[in-house]
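First comes the structure, then the notes that go with it.
The values are calculated or read from the model by the stated rules, or taken from the named source; none is laboratory data. Just so it is clear, the model here is predicted, and its values are computed rather than measured. Using ideal geometry, Cβ is built from the backbone for each residue, glycine included, and neighbour counts are taken over all protein chains shown. All accessible areas refer to the heavy atoms of the entire protein, side chains included, with ligands and DNA or RNA removed. Shrake-Rupley method; radii C 1.70, N 1.55, O 1.52, S 1.80 Å.
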Amino acid sequence: MSYSSEDETDISDSELDEYVDRCYEQLKDGIHKVKFSDEVYRCPYCPGKKKLVYLFKDLLQHASDVGKGSQNRDIKHKGKHLGLVRFMKNDLEQDISSEFSGLNIENSQLNGVSVLFVWPWMGILANVDVESCSKLKNNLAKRGLDPVRIRPLSCGRYAVVEFKKEWSGFYNAMMFEKDFEVDNHGKKDYHAAPHLADKLYGWVARDDDYNLEGVLGDYLQKNGDLKTLGDLEAEEKRKNGLLIANLNQTIQELRMRLDELESNQCEPHAAIIQNDVVD
């Protein structure tokens with residue numbers, strides 16, 4: 001079923017989720033074209049913009065930025081881009097690891113030393129109202145950040161945002177961090193003014209958070225490990241290599257089994273022919 005979004009009137013915040021669903025269905029139905037080749041993608045909702053052609057990861061970042069943009073932005077425009085984020089993540093074939101691993105060059109090294117991230121990818125929220133965690137999760141989801149869950153910690157001060165283990169989860173975690181940094185509510189801002197308890201701060205969990213004493217450090221240590229991006233890429237390559245090796249071995253075993261079956265089928269037939277000749 002298709003819809004025509006261009007003729008619709010403005011929508012309210014409460015109608016945003018339904019509108020995102022409708023825009024997503026339009027993209028799935030092929031009403032708007034996004035992918036023109038393996039390297040050329042276009043935003044169907046910004047035809048008049050100066051930049052018309054994107055790489056996959058750049059278009060995904062564009063759609064995420066617009067979808068989580070200023071509250072003054074047209075809600076329909078945000079909804080369309082959130083639908084585009086969902087479509088790209090769910091329906092467009094792409095090697096996610098190769099696309100997203102390059103996103104974080106500036107964040108993956110510090111003074112030449114590889115940065116250790118908590119994996120599975122986790123974000124930290126500071127000055128959290130525990131009762132608002134469900135609302136926070138919905139807000140993050142509406143901005144295209146796709147959190148798996150938000151875990152409020154017993155200290156009542158922090159909550160941990162869990163993202164998917166895949167590279168798409170890493171991308172969402174970094175967008176989560178940048179979103180707070182833009183509003184001066186990032187990690188450095190929090191440590192500079194932790195007394196501003198009415199302000200919400202957020203960042204991606206790294207080794208210094210992991211090694212903290214107390215509830216936050218304990219949770220990260222029990223539920224995650226420290227890994228560099230290089231560690232994860234190497235582990236992924238190793239797993240892919242094992243998978244290919246196992247597939248090759250399975251194929252070889254199947255071939256041997258088929259040869260054996262064919263041989264067993266041929267032997268009785270050959271015996272019958274030999275008996276006919278003797279008779």
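Being in a helix (DSSP H, G or I), modelled with pLDDT of 90 or more and within 16 Å of the chain's Cα centre (by Cα): is that true of Leu59 here? No, not satisfied.
On inspection, Gly156 qualifies as in a loop (DSSP other than H, G, I, E, B), more than 19 Å from Glu235 (Cα to Cα) and free of Cβ contacts under 8 Å to residues at least 60 places away in the same chain.
Considering only residues in region 149-174 that are within 24 Å of Val215 (Cβ to Cβ) and among the hydroxyl-bearing types (Ser, Thr, Tyr), the one that is least open to solvent (accessible area, probe 1.4 Å) turns out to be Tyr158. Residues in region 124-139 include at least one that is open to solvent by 30 Å² or more (accessible area, probe 1.4 Å), acidic (Asp, Glu) and closer than 17 Å to His185 by Cβ.
To keep it simple, each residue is scored yes or no on (1) of a type in the set (A, V, I, L, M, F, W, C); (2) free of Cβ contacts under 8 Å to residues at least 40 places away in the same chain; (3) more than 20 Å from Leu226 (Cβ to Cβ).
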position	(1), (2), (3)
Pro147	no, yes, yes
Val161	yes, no, no
Lys165	no, no, no
Ser168	no, no, yes
Met174	yes, no, no
Glu181	no, yes, yes
Arg206	no, no, no
Asp209	no, no, no
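Listed here are the residues, each with its yes/no results for (1) at pLDDT 85 or above; (2) part of a loop (DSSP other than H, G, I, E, B); (3) of a type in the set (Gly, Ala, Ser); (4) farther than 21 Å from Asp65 by Cα.
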| site | (1), (2), (3), (4) |
| --- | --- |
| Cys133 | no, no, no, yes |
| Ala141 | yes, no, yes, no |
| Phe170 | yes, no, no, no |
| Tyr190 | yes, no, no, yes |
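Restricting region 192-204 to residues that are part of a loop (DSSP other than H, G, I, E, B) and free of Cβ contacts under 8 Å to residues at least 60 places away in the same chain, which is surrounded by the most Cβ atoms within 10 Å (Cβ to Cβ)? The selected residue is Ala193. Pairs linking a residue in region 215-233 that is of a type in the set (A, V, I, L, M) to a residue that is not in a helix (DSSP H, G or I), with Cβ atoms under 6 Å and 6 or more positions apart or on different chains, are Val215/Leu153; Val215/Ser154; Val215/Cys155; Leu216/Tyr158; Leu220/Val118; Leu220/Ala205; Leu226/Leu116. In the set (1) at pLDDT 85 or above; (2) in a helix (DSSP H, G or I); (3) open to solvent by 50 Å² or more (accessible area, probe 1.4 Å); (4) closer than 17 Å to Phe117 by Cβ, the condition left unmet by Glu177 is number (3).
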